[in-house]
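For reference, the structure discussed in these notes is given below.
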Amino acid sequence: MKVTVKLFASFRTGRFDIETVDYPAGTTVADVADRLELPQSELGIMLVNSRHVKAGHVLIEGDTLALFPLLGGG
Amino acid sequence: MSAFQVFLKEHADGDLLAWEHQLEASRRFGLTIAETEEAILGNGLLPARYQRNRQTISLSGQQELFRSQVAVIGCGGLGGYIIEELARLGVGRIIAIDPDVFEEHNLNRQLFSSPANLGQAKVEAALTRINEINPAVTLVPVQAAFSPENGAELLFGSQVVVDALDTIQVRIELADVCRSMNVPLVHGAIGGWYGHVTTQFPDDDTLQTIYRSWKSGKGVEQSLGNPSFTPALVASLEVAEVCKLLLGQGTPLRGRQLMIDLFSMEMHVINIQGGNRETA
């Protein structure tokens, strides 16, 4: 299944801004993060088709996933 | 007409009263600078320092700001700029809360830090600075760490609370206290080239949503650090939110989160409640 992945902020460094990727059925948001070597502890906002999801959310064909890093500095 | 009003009439230039006359009125009538400012605004005059606020902020709006109290939690990267801008804007009472003293690694970005005041409490430096730039503003320094235990006491009487903290756990605790006290919270966070801003209204669980994936520890700021320009920008955005909330004007970032990427020079607004306004 094809999923469009959008990365934001520091997640783009050494990766990409936007890419459409072929994943096996049943792939979760956490699986995508793992394949991109994004540490789970750095995952902040995760949106699938503009809706907030958690890392265990299962993706389906045609989804657009947006990942933002966790920010807490001040 | 009182002697004070006669003095104002004699010394006003149009509807402006110059700083030297505000000082003189304070001396002559035995009032504090803050009391003088209140009386000047109450008589339909504008302290001349605020003349470039005009058109953006009306005279009654300036009076509203002067009668307001805002609590700023954290006096570091974000907090320094936030306090400076609130004071120049003319917010009458600022509660500045931070347990820390300045250290050398603060000097790249924290507005009130300097080589001369390393080791000094951040809230004391804030007080010195605000007394210098706008003596009509009352800054209350509280050298303490915010916690759920002291939160209600620290925030009591503030119309708006501003999040300038540097840990996610305390931000979530602050958001909970603000909800229970029915007070809006302007939230900003930074790391490296990146930042975000949103405003939590008392009925919303905005910060719980933003940080729903957080389990422990810091965000990417731990590895990215914080350069000078990101806190200045995010602090300014937070103060614009505070100004709108105090005046009841404009459109705050309620239910929306502004995501800032200064490396790509992109800003995105995403819908926090999971609707369809996300543009990312």
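Test of understanding: among B:Glu153, B:Glu124, which residue is farther than 14 Å from B:Gly76 by Cα, open to solvent by 40 Å² or more (accessible area, probe 1.4 Å) and either assigned to a loop (DSSP other than H, G, I, E, B) or of a type outside the set (Ser, Thr, Tyr) (or both)?
On inspection, the qualifying residue turns out to be B:Glu153.
Check B:Val183, B:Val170 and return the single one that is in a loop (DSSP other than H, G, I, E, B), of a type in the set (Val, Ile, Thr) and surrounded by fewer than 24 Cβ atoms within 10 Å (Cβ to Cβ).
Going through B:Val183, B:Val170 in turn, just one is in a loop (DSSP other than H, G, I, E, B), of a type in the set (Val, Ile, Thr) and surrounded by fewer than 24 Cβ atoms within 10 Å (Cβ to Cβ): B:Val183.
Only residues that are out of contact with any helix residue (DSSP H, G or I) (no Cβ under 9 Å at 6 or more places or on another chain) and either in a strand (DSSP E or B) or open to solvent by 70 Å² or more (accessible area, probe 1.4 Å) (or both): list them for region B:127-140, please.
Within region B:127-140, B:Asn131, B:Glu132 qualify.
Got at least one residue in region B:18-35 being surrounded by 15 or more Cβ atoms within 10 Å (Cβ to Cβ) and hydroxyl-bearing (Ser, Thr, Tyr)?
Yes, some residue in region B:18-35 is surrounded by 15 or more Cβ atoms within 10 Å (Cβ to Cβ) and hydroxyl-bearing (Ser, Thr, Tyr).
Suppose we filter B:Glu84, B:Glu103, B:Glu64 for residues that are over 26 Å from B:Ser228 (Cα atoms) and acidic (Asp, Glu); which single one remains? Reasoning before the result, please.
Details: B:Glu84 fails: over 26 Å from B:Ser228 (Cα atoms); B:Glu103 fails: over 26 Å from B:Ser228 (Cα atoms).
Residue meeting the stated conditions: B:Glu64.
Kindly check whether there is at least one residue in region B:142-153 that is charged (D, E, K, R) and over 14 Å from the mean Cα position of the chain (by Cα).
yes
Can you confirm whether A:Glu19 is farther than 22 Å from B:Thr206 by Cβ and open to solvent by 50 Å² or more (accessible area, probe 1.4 Å)?
yes
The values are calculated or read from the model by the stated rules, or taken from the named source; none is laboratory data. Keep in mind that this is a model prediction, so the values were computed, not measured. We place every Cβ from the backbone using ideal geometry, glycine too, and count neighbours over all the protein chains shown. Heavy atoms of the whole protein, side chains included, go into the accessibility calculation; ligands, DNA and RNA do not. Shrake-Rupley method; radii C 1.70, N 1.55, O 1.52, S 1.80 Å.
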